[in-house]
1. Accessible area per residue of the range 296-485 at 1.4 Å probe, in Å²?
2. Out of the total accessible area of the range 296-485 (probe 1.4 Å, heavy atoms of protein only), what percent is carbon and sulfur?
3. Work out the P(r) tail for the range 296-485: percent of alpha carbon pairs separated by more than 29 Å, whole number.
4. Jot down the per residue volume, in cubic angstrom and as a whole number, of the convex hull over the alpha-carbon atoms of the range 26-158.
5. Ignoring ligands, DNA and RNA, what accessible area per residue does the range 25-150 give at 1.4 Å, in Å²?
6. Rounded to whole Hz and in sequence order, give me ³J(HN,Hα) for the range 459-469 from the Karplus expression 6.51 cos²θ - 1.76 cosθ + 1.60, θ = phi - 60°, writing x for Gly and Pro.
7. Remind me, relative contact order of the range 296-485 in percent, using alpha carbon pairs under 8 angstrom and six or more residues apart?
8. Output wanted: per-residue J couplings in Hz (rounded whole) for the range 26-33, from phi through Karplus 6.51 cos²θ - 1.76 cosθ + 1.60, θ = phi - 60°, x for Gly and Pro.
Amino acid sequence: WWDERVSARFRRNLQPTLTYWSVFFSFGLCIAFLGPTLLDLRCQTQSSLSQITWVFFSQQFCLLLGSCLGGVFKRTLSQSLFALFASSLAISLVFAIIPLCHNVVVLAVVMAVAGLAMGCIDTISNMQLVKIYQKDSAIFLQALHFFVGFGALLSPLIADPFLSDTNCILSNSTANASSNLPHIRKSLVPHHPGNLSHYDLPMKGMVVTRVSYAFWIMALINLPVPIAVFFLLYKERMVPCFNGSSHPLLSADELAMETRPVDKDELSTPVQRPHTAGGHDDFFSCCQSQNFRGASYTYFAVHVTGALVLFMTDGIVGEYSGFVYSYAVEEPLSVVHKVAGYLPSLFWGFITLGRLISIPVSYRMKPATMVFINVVGVLITFLLLLIFSSSVVFLFVGTASLGLFLSSTFPSMLAYTEDILQYKGCATTVLVTGAGIGEMVLQLLVGSIIHDQGSYSFLVCGMIFGCLAFTFYALLVFFHRMYPKPSPELDDASPDKAAVPEDTGQYQR
């Protein structure tokens with residue numbers, strides 16, 4: 001179901017591709033465990049619920065910061081791989097250290113380190129796959145984001161057998177608090193805590209949680225990931241104490257995999273010039289004035305509109321996963337708490353399924369078409385959710401539908417925007433940063449609106465964000481048509497040239 005050229009390119013880059021996919025599994029494993037384990041961590045640190053929820057903020061804020069800083073470590077392939085090795089190893093260490101954190105401030109610092117590592121993984125892995133496959137990157141980006149969904153599904157399943165059935169701090173008020181525990185735990189969906197301020201659980205007493213075993217199991221499961229990155233470093237002869245006499249496949253200071261012509265299968269192909277500040281810079285380098293000289297207004301417009309689309313769609317992912325449970329248990333739906341607890345899992349399950357389905361679909365469909373289907377599908381789903389707002393059955397159907405349509409938005413948008421810019425702009429860094437800001441900001445915004453206006457505003461906000469996403473996508477298509485196409489002479493001379501003339505894949509315009 002894919003042609004021999006893409007297949008040969010995949011075989012040539014098999015080890016780095018599998019390594020980047022596995023590193024994104026670490027990202028997913030780390031992003032989803034905090035919600036279901038938060039009560040046990042609160043018992044472990046003997047902190048109040050308002051204090052422990054700051055752990056969410058420290059992780060999300062540092063994830064955003066790590067996404068901005070991740071580009072600093074990708075100027076050479078050596079720096080990129082060492083950053084991925086350190087980040088994936090840091091996630092295993094974080095899992096191992098969390099059971100030893102008996103103070104909420106220490107736990108927040110540890111989760112901040114995890115957030116930085118996750119941000120670096122997010123930026124570097126996306127960018128390296130784009131550089132390797134360029135015009136053919138859409139299918140591999142879909143697979144990359146499938147692995148983050150797979151990890152996000154796996155970590156709560158690992159933690160579930162070790163979660164406390166009753167309150168994990170034994171005191172005189174345990175009996176009263178234990179009856180509220182199932183409700184509270186279901187409120188702590190992946191990524192975002194619910195409104196917990198009105199629950200008064202004991203803060204002093206004997207800690208009886210067994211959640212430490214879950215974190216140690218996740219640390220062991222994640223350990224093969226940094227080992228895989230180390231083997232890639234070893235293969236490229238980038239480990240100082242293991243340098244051999246044979247020539248490496250890639251130069252340690254050049255991104256040869258990302259620039260090699262697709263019609264050359266010989267490993268002896270001369271290494272092309274390294275990528276410099278001309279493309280795929282880090283967030284801060286992208287903001288330097290010398291990068292703006294001679295650039296048309298459409299260059300900036302493509303970056304901005306692409307980031308705004310993901311700001312909205314990733315924001316929808318954050319706000320929907322964070323508040324669909326609260327919406328379901330409130331009137332008029334009044335869903336039983338145990339049943340409503342399945343909604344976040346259903347949402348993330350269909351996001352993962354959608355990313356799996358998108359892998360073969362993305363090979364036959366242009367990224368621009370996939371993004372269009374996604375944003376229109378999100379709009380229609382929210383419209384139907386508003387129309388059938390009193391139907392519990394359609395809430396579950398709409399949740400699954402929304403997960404499917406949102407699943408492939410990020411990788412398709414990344415492939416589309418990079419295609420417009422001929423892989424010479426700062427699209428990956430800007431889009432990753434915009435998506436991270438959207439997920440953090442819109443979740444806080446919707447939370448305050450629901451508090452003031454009621455649960456129905458949850459769907460209204462989603463509909464507004466969907467309309468804005470479609471509007472920004474329409475603007476992106478408009479600026480795409482206005483964006484100047486490179487002349488053949490300049491394209492042939494460019495070190496960022498996407499492919500040889502015969503490479504007229506599915507996404508050539």
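The values are calculated or read from the model by the stated rules, or taken from the named source; none is laboratory data. From a predicted model like this one, the values you see are computed outputs, not experimental measurements. Heads up: the accessible areas ignore ligands, DNA and RNA and are worked out on the full protein's heavy atoms, side chains in. Shrake-Rupley method; radii C 1.70, N 1.55, O 1.52, S 1.80 Å.
1. Working: 6970 Å² over 190 residues.
About 37 Å² of surface per residue is accessible.
2. On the way: 5120 of 6970 Å².
The nonpolar share, carbon plus sulfur, comes to 73 percent.
3. Details: 3993 of 17955 pairs.
Here the long-distance tail beyond 29 Å is 22 percent of all Cα pairs in the range 296-485.
4. Details: hull volume 12.3 nm³, N = 133.
In the range 26-158, the Cα hull volume divided by residue count equals 92 Å³.
5. Working: 3100 Å² over 126 residues.
With the other protein chains kept in place, the range 25-150 gives 25 Å² per residue.
6. Once rounded to whole Hz, the list reads 6, 4, 4, x, 5, 5, 5, x, 5, 5, 4.
7. Details: 235 pairs, mean separation 83.8, N = 190.
That works out to 44 percent.
8. Values, residue by residue: 4, 4, x, 4, 7, 7, 10, 7 Hz.
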